[in-house]
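Scroll down for the structure; my scribbles are underneath it.
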Amino acid sequence: MTSTAIVLVLVSASMRAGWNLICKSRRPSGAFFRIVRIPFKKQ
């Protein structure tokens, strides 16, 4: 594996862990999930 691939995997894993921490440690509102989902909304 190239160093770029390793860095991408580590960044992705960190982002996923952060997302899980935010979503599970607090009680986010429904509005939070709607705002986060906007960039991924199917057209």
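A few notes on this one:
- Criterion violated by residue 17 - all others in (1) at pLDDT 70 or above; (2) in contact with a helix residue (DSSP H, G or I) (Cβ under 8 Å, 6 or more places away or on another chain) satisfied: (2)
- The residue pairs whose first member lies in the stretch 1-14 and is free of Cβ contacts under 8 Å to residues at least 24 places away in the same chain and outside any helix (DSSP H, G or I), whose second member is of a type outside the set (Gly, Ala, Ser) and surrounded by 10 or more Cβ atoms within 10 Å (Cβ to Cβ), and whose beta carbons are closer than 9 Å, counting only pairs six or more residues apart or on different chains, are 1/9.
- Of all residues in the stretch 27-41, those that are at pLDDT below 70 and surrounded by 10 or more Cβ atoms within 10 Å (Cβ to Cβ) have Cβ atoms under 8 Å from Cβ atoms of residues that are part of a helix (DSSP H, G or I) and among the β-branched types (Val, Ile, Thr), 6 or more apart or on another chain, in 28/22.
The values are calculated or read from the model by the stated rules, or taken from the named source; none is laboratory data. Remember, it's a predicted structure, so these values are computed and weren't measured experimentally. Every residue, glycine as well, gets a Cβ built from its backbone with ideal geometry; the counts of neighbours run over all protein chains shown.
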